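Below is one structure, written out as C-alpha coordinates; comments come after it.
The values are calculated or read from the model by the stated rules, or taken from the named source; none is laboratory data. Owing to the predicted nature of the structure, the values given are computational and were not obtained by experimental measurement. Here the Cβ positions follow ideal geometry from the backbone for every residue, glycine too, while neighbour counts run over all protein chains shown. Heavy atoms of the whole protein, side chains included, go into the accessibility calculation; ligands, DNA and RNA do not. Shrake-Rupley method; radii C 1.70, N 1.55, O 1.52, S 1.80 Å.
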Amino acid sequence: MDITLRAVHDSDLPVFYRQSNDPDALRMAAFTPRDPADRSAFDAHWTRIRSSPDVVVRTVLGDGDVLGHAAVYGEVGEREVTYWVDRAYWGRGVATAALRGLLAEVTERPLYARVAADNAGSLRVLERCGFEVRARATAYAPARDAEIDELVLTLDA
(Lines give C-alpha, C1' and ligand atoms only; values in the text may rest on other atoms or scores of the structure.)
Protein backbone atom coordinates (compact mmCIF):
# COMPACT_ATOMS: atom_id res chain seq x y z
CA MET A 1 0.00 0.00 0.00
CA ASP A 2 1.30 3.47 -0.91
CA ILE A 3 1.08 5.69 2.20
CA THR A 4 1.16 9.44 1.62
CA LEU A 5 0.37 12.58 3.61
CA ARG A 6 -1.43 15.70 2.45
CA ALA A 7 -3.14 18.75 3.91
CA VAL A 8 -6.48 18.06 5.58
CA HIS A 9 -9.50 18.69 3.34
CA ASP A 10 -13.01 19.45 4.57
CA SER A 11 -14.12 16.15 3.04
CA ASP A 12 -11.75 14.27 5.41
CA LEU A 13 -13.56 15.40 8.54
CA PRO A 14 -16.57 13.04 8.31
CA VAL A 15 -14.10 10.14 7.95
CA PHE A 16 -12.10 11.35 10.98
CA TYR A 17 -15.32 11.68 12.97
CA ARG A 18 -16.37 8.13 12.14
CA GLN A 19 -12.92 6.79 12.97
CA SER A 20 -12.83 8.66 16.28
CA ASN A 21 -16.02 6.95 17.40
CA ASP A 22 -14.82 3.36 17.05
CA PRO A 23 -15.21 1.93 20.59
CA ASP A 24 -12.22 -0.42 20.29
CA ALA A 25 -9.96 2.32 18.92
CA LEU A 26 -11.11 4.73 21.64
CA ARG A 27 -10.27 2.25 24.37
CA MET A 28 -6.83 1.58 22.92
CA ALA A 29 -6.04 5.29 22.42
CA ALA A 30 -7.34 6.02 25.94
CA PHE A 31 -6.55 9.76 25.91
CA THR A 32 -9.48 10.98 23.85
CA PRO A 33 -12.15 13.67 24.10
CA ARG A 34 -14.58 13.12 26.97
CA ASP A 35 -17.47 12.74 24.54
CA PRO A 36 -16.20 11.73 21.10
CA ALA A 37 -19.79 11.65 19.78
CA ASP A 38 -20.19 15.42 20.41
CA ARG A 39 -20.06 16.58 16.80
CA SER A 40 -19.99 20.28 17.64
CA ALA A 41 -16.98 19.76 19.93
CA PHE A 42 -15.31 17.67 17.21
CA ASP A 43 -15.90 20.42 14.62
CA ALA A 44 -14.62 23.14 16.98
CA HIS A 45 -11.52 21.06 17.76
CA TRP A 46 -10.71 20.60 14.07
CA THR A 47 -11.36 24.27 13.31
CA ARG A 48 -8.80 25.21 16.00
CA ILE A 49 -6.26 22.65 14.77
CA ARG A 50 -6.51 23.65 11.14
CA SER A 51 -6.28 27.38 11.87
CA SER A 52 -3.33 27.20 14.27
CA PRO A 53 0.05 28.16 12.81
CA ASP A 54 1.68 26.01 15.53
CA VAL A 55 0.09 22.75 14.37
CA VAL A 56 1.23 20.64 11.45
CA VAL A 57 -1.60 18.24 10.66
CA ARG A 58 -1.83 15.88 7.72
CA THR A 59 -4.33 13.41 6.35
CA VAL A 60 -2.94 9.90 6.00
CA LEU A 61 -3.81 8.32 2.67
CA GLY A 62 -3.40 4.69 1.65
CA ASP A 63 -3.60 4.24 -2.10
CA GLY A 64 -5.61 7.47 -2.15
CA ASP A 65 -8.12 6.51 0.57
CA VAL A 66 -8.34 8.45 3.85
CA LEU A 67 -6.96 6.17 6.57
CA GLY A 68 -6.41 8.69 9.38
CA HIS A 69 -4.38 11.71 10.39
CA ALA A 70 -1.05 12.65 11.97
CA ALA A 71 0.07 15.87 13.62
CA VAL A 72 2.72 17.74 15.55
CA TYR A 73 1.46 20.32 18.06
CA GLY A 74 2.47 22.24 21.16
CA GLU A 75 4.95 24.81 22.36
CA VAL A 76 8.44 24.95 20.88
CA GLY A 77 10.68 22.60 22.86
CA GLU A 78 7.63 20.63 24.07
CA ARG A 79 6.04 19.65 20.78
CA GLU A 80 4.27 16.29 20.61
CA VAL A 81 3.24 13.93 17.86
CA THR A 82 -0.15 12.32 17.59
CA TYR A 83 -1.74 10.06 15.02
CA TRP A 84 -4.91 8.08 14.40
CA VAL A 85 -5.33 5.27 11.91
CA ASP A 86 -8.57 3.50 11.10
CA ARG A 87 -8.66 0.23 13.04
CA ALA A 88 -9.19 -1.73 9.81
CA TYR A 89 -5.57 -0.84 8.92
CA TRP A 90 -3.88 -1.59 12.24
CA GLY A 91 -0.88 -3.90 12.01
CA ARG A 92 -0.17 -3.08 8.36
CA GLY A 93 2.57 -0.49 8.85
CA VAL A 94 0.30 2.46 8.04
CA ALA A 95 0.93 4.38 11.28
CA THR A 96 4.68 3.80 11.07
CA ALA A 97 4.83 5.02 7.47
CA ALA A 98 2.63 8.03 8.28
CA LEU A 99 4.69 9.01 11.31
CA ARG A 100 7.94 8.63 9.36
CA GLY A 101 6.53 10.91 6.68
CA LEU A 102 5.49 13.50 9.25
CA LEU A 103 8.90 13.35 10.95
CA ALA A 104 10.61 13.94 7.60
CA GLU A 105 8.48 17.07 7.17
CA VAL A 106 8.80 18.37 10.74
CA THR A 107 12.52 18.22 11.42
CA GLU A 108 12.68 20.09 14.74
CA ARG A 109 13.78 18.08 17.73
CA PRO A 110 13.16 17.09 20.40
CA LEU A 111 9.66 15.79 19.82
CA TYR A 112 7.60 13.96 22.41
CA ALA A 113 4.85 11.37 22.40
CA ARG A 114 2.56 9.88 25.03
CA VAL A 115 0.97 6.48 24.86
CA ALA A 116 -1.10 4.27 27.14
CA ALA A 117 1.38 1.81 28.63
CA ASP A 118 -0.71 -1.14 27.45
CA ASN A 119 -0.99 0.12 23.85
CA ALA A 120 1.72 -2.16 22.45
CA GLY A 121 0.92 -1.33 18.83
CA SER A 122 1.36 2.40 19.22
CA LEU A 123 4.45 1.95 21.36
CA ARG A 124 5.94 -0.21 18.59
CA VAL A 125 5.17 2.51 16.00
CA LEU A 126 6.89 5.16 18.09
CA GLU A 127 9.95 3.02 18.78
CA ARG A 128 10.28 2.09 15.09
CA CYS A 129 10.37 5.82 14.35
CA GLY A 130 13.18 6.41 16.83
CA PHE A 131 11.30 7.50 19.95
CA GLU A 132 12.61 6.23 23.27
CA VAL A 133 10.69 5.77 26.51
CA ARG A 134 11.96 8.35 28.98
CA ALA A 135 9.31 8.42 31.70
CA ARG A 136 6.24 6.74 33.10
CA ALA A 137 3.28 8.67 34.47
CA THR A 138 -0.28 8.16 35.58
CA ALA A 139 -2.99 10.17 33.87
CA TYR A 140 -6.75 10.20 33.54
CA ALA A 141 -7.92 8.48 30.33
CA PRO A 142 -11.41 9.65 29.34
CA ALA A 143 -12.01 6.67 27.04
CA ARG A 144 -11.50 4.34 29.99
CA ASP A 145 -12.88 6.64 32.68
CA ALA A 146 -9.89 5.75 34.86
CA GLU A 147 -6.36 6.70 35.80
CA ILE A 148 -3.95 4.59 33.75
CA ASP A 149 -0.23 4.21 33.23
CA GLU A 150 1.19 6.24 30.40
CA LEU A 151 4.62 6.23 28.77
CA VAL A 152 6.35 9.45 27.74
CA LEU A 153 8.71 9.08 24.78
CA THR A 154 11.25 11.43 23.22
CA LEU A 155 12.80 11.70 19.78
CA ASP A 156 16.06 13.61 20.10
CA ALA A 157 17.76 13.24 16.75
Exercise. Which of (1) of a type outside the set (Phe, Trp, Tyr); (2) within 21 Å of Pro53 (Cα to Cα); (3) at pLDDT 95 or above is the odd one out, the single condition Glu75 does not satisfy?
Worked result: (3)
Exercise. For the range 39-56, which residues satisfy the criterion of being over 20 Å from Val85 (Cα atoms) and acidic (Asp, Glu)?
Worked result: Asp54
For this session: Could you check Leu61 against (1) at positive phi; (2) surrounded by 18 or more Cβ atoms within 10 Å (Cβ to Cβ) and say which number it fails?
Result: (1)
Exercise. So is Thr154 touching a Phe, Trp or Tyr at 6+ places or on another chain (Cβ under 7 Å) and β-branched (Val, Ile, Thr) or not?
Worked result: yes
For this session: Considering only residues that are polar (S, T, N, Q) and open to solvent by less than 70 Å² (accessible area, probe 1.4 Å), look in the range 102-157 and name the one that is nearest to Tyr73 (Cα to Cα).
Result: Thr154
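A quick yes/no check of all residues on (1) outside any helix (DSSP H, G or I); (2) of a type in the set (Val, Ile, Thr):
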| position | (1), (2) |
| --- | --- |
| Val15 | no, yes |
| Arg27 | no, no |
| Val66 | yes, yes |
| Val81 | yes, yes |
Seminar exercise, completed: Cβ pairs under 8 Å, 6+ apart or interchain, first in the range 59-76 and in contact (Cβ under 8 Å) with a residue 12 or more places away in the chain and farther than 25 Å from Pro110 by Cβ, second hydroxyl-bearing (Ser, Thr, Tyr) and open to solvent by 30 Å² or more (accessible area, probe 1.4 Å), ordered by first then second residue, are Leu61/Thr4; Gly62/Tyr89; Leu67/Tyr89
Exercise. Out of the range 1-11, which residues are among the charged types (D, E, K, R) and either surrounded by 15 or more Cβ atoms within 10 Å (Cβ to Cβ) or assigned to a helix (DSSP H, G or I) (or both)?
Worked result: Asp10
For this session: Could you please find all residues in the range 12-25 being exposed (fewer than 14 other Cβ atoms within 10 Å of the Cβ) and in contact (Cβ under 8 Å) with a residue 40 or more places away in the chain?
Result: Asp24
Exercise. Among the residues of the range 116-140, how many are assigned to a strand (DSSP E or B) and within 15 Å of the chain's Cα centre (by Cα)?
Worked result: 1
